[in-house]
Amino acid sequence: MGVPISQMWTVASYVLGKKLRGVQRYPIVLMLEPLFRCNLACAGCGKIQYPSDILKQNMPVDKALAAVDECGAPIVSIPGGEPLLHPQIHEIVEGIVARKKYVYLCTNAILLEKHLHRFKPSKYLSFSVHVDGLREEHDEAVCRDGVYDVAIAGVKAAIEQGFRVTTNTTLFDNADPVRYRAFFDAMTDLGVEGMMISPGYSYEKAPDQDHFLKRETTKNIFRRLLDNPDRRWRFNQSPLFLEFLKGDWDLTCTPWGNPTYNVFGWQKPCYLLQEGYTETFQELLETTEWDNYGIQSGNSNCQDCMVHCGHEPTAVDQTFGSLRGFVRTAQLTLFGAPRRNDRTPPPPPEKTIPAPHRQPQELVQLEASSR
Ligand code: SF4
Ligand code: SF4
């Protein structure tokens with residue numbers, strides 16, 4: 001299991017409480033983006049393409065914590081940008097931990113080792129380190145040589161100092177399942193608590209538009225990746241979501257389960273699409289036309305999306321809110337997924353290299369100035 005029992009219990013009791021009160025739409029994970037600037041410029045990233053006046057902004061601590069309070073989700077994920085570039089990120093994290101909410105601080109870990117002293121180990125705090133595969137794949141994905149080694153050094157230092165550490169990995173259509181299975185072994189050997197994997201979303205703004213996954217390709221890759229898994233692997237994701245990625249379980253999107261708050265406000269409708277902002281979470285819930293999203297809506301932006309935000313909350317809702325979902329989750333947790341020898345494997349992916357992508361000088365300077 002890639003999630004501690006206390007965290008599972010907190011989420012389960014929260015979901016059951018909402019169900020008992022008949023609440024239809026509720027958040028499970030708040031995506032809190034306290035800034036957009038980053039010290040990397042990955043080819044598949046759709047989050048950092050803003051003018052410099054936006055990239056320079058840091059969300060004030062009181063606004064961040066007010067969003068946490070208003071939302072009420074038991075888990076807060078802090079992506080970015082690179083959150084460690086925020087001068088008060090430790091205060092934001094402290095405030096969330098003080099509220100007894102579980103926080104995942106997402107980081108590319110370039111600055112992790114140097115900034116660990118800003119944080120205290122806690123059962124409520126995990127560093128979620130962006131690692132997109134073994135050294136070759138990761139350095140290629142982040143468009144800079146040497147980043148994998150720095151990230152792994154950061155992971156080791158954080159584990160040694162008693163922090164919870166997980167990894168988050170985004171896959172594209174050139175993912176070689178054999179290499180990624182070796183990557184899971186490597187992260188397991190390193191001692192990470194759990195791994196999170198997700199297909200990349202086809203951001204219009206991302207520099208590399210050639211490697212985003214289509215729905216059927218996603219299922220094929222994840223089957224090859226997750227069929228007959230090593231029993232040591234731990235994923236900090238719901239078993240139902242992993243089954244969904246393989247095409248073995250249906251999930252629709254519930255974007256309100258993963259609301260996003262950033263320097264613009266509450267983002268409509270989800271972490272991936274930007275179709276306007278509201279000032280309050282309640283307004284987001286009440287004014288978004290939710291029926292316009294998800295595969296069943298016919299919305300072209302959603303047809304190939306199998307990303308964790310939007311679908312992971314549905315999996316959690318089904319796990320704790322339906323007998324069928326609970327029983328399947330219990331089976332998967334106790335006995336693992338059925339072993340598969342009957343799948344016809346798709347041809348191995350062609351090894352392709354993303355187009356050369358240079359780091360904007362301004363971002364390199366930002367990183368240098370933060371050292
Ligand atoms: S590490 Fe890469 S993917 Fe993450 S915010 Fe920075 S540029 Fe984007
Ligand atoms: S399917 Fe994906 S893109 Fe569409 S609303 Fe859900 S999370 Fe957003």
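Across the range 198-329, Cα-Cα distances exceeding 27 Å account for 23% of all pairs.
Dividing the mean sequence gap of close Cα pairs (under 8 Å, 6+ apart) by how many residues the range 232-322 holds gives a relative contact order of 33 percent.
Note on the chain: GNM, Cα springs under 10 Å; of A186, A109, A66, the largest mean-square fluctuation is that of A66.
Largest first, the three principal axis extents of the alpha carbons in the range 59-109 are 27, 19, 16 Å in whole numbers. Close amide H pairs (under 5 Å, H built 1.01 Å from N) link K268 with E275, G276, Y277, T278, residues at least 5 positions away or on another chain.
Using the Stokes-Einstein relation with a Kirkwood hydrodynamic radius computed over Cα pairs, the translational diffusion coefficient of the chain at 4 °C and a viscosity of 1.567 mPa s comes to 62 µm²/s. Let me test this: with uniform point scatterers at the alpha carbons of the range 287-340, what is the Debye-based log₁₀ I(q)/I(0) at q = 0.14 1/Å? Here the Debye-derived log intensity ratios amount to -0.53. For the range 142-256, taking Cα atoms only, Rg and Dmax work out to 15.2, 42 Å respectively. Cβ-Cβ distance of D250 and D230, R₀ of 30 Å, FRET efficiency by 1/(1 + (r/R0)^6): the value works out to about 0.70. Taken over the range 244-311, the convex hull of the Cα atoms encloses 78 Å³ per residue. Within the range 163-302, antiparallel bridges make up roughly 40 percent of the DSSP beta bridges whose residues both belong there. Based on DSSP H segments of at least four residues, each scored -39500 (n - 2.57), the chain has a per-residue ellipticity at 222 nm of -11500 deg cm²/dmol. Look at the alpha carbon pairs under 8 Å that are at least 6 residues apart: their mean separation over the length of the range 1-75 gives a relative contact order of 40 percent. With the convex hull of its Cα atoms as the shape, the range 1-86 has an orientation-averaged projected area of 7.8 nm². Take 173-182, 285-294, 33-42, 306-315 and order them by the average number of nearby Cβ atoms within 10 Å per residue, most first; the result is 306-315, 33-42, 173-182, 285-294. Size estimate for the range 147-198 follows the Kirkwood approach: the inverse of mean 1/r over distinct Cα pairs works out to 11.8 Å. By the Cβ distance rule (another cysteine Cβ under 4.7 Å), the unpaired cysteines of the chain are C38, C71, C106, C143, C253, C270, C302, C305, C309.
Computed with the Debye formula from one identical point scatterer per Cα of the range 79-151, without solvent, the log10 of I(q)/I(0) at q = 0.28 Å⁻¹ comes to -1.30.
Coordinate-derived values only; no laboratory data. If you're wondering where the values come from, they're calculated on a predicted model, not measured in any experiment. A quick note on method: Cβ atoms are made from the backbone with ideal geometry, for glycine too, and the neighbour counts reach across all protein chains shown.
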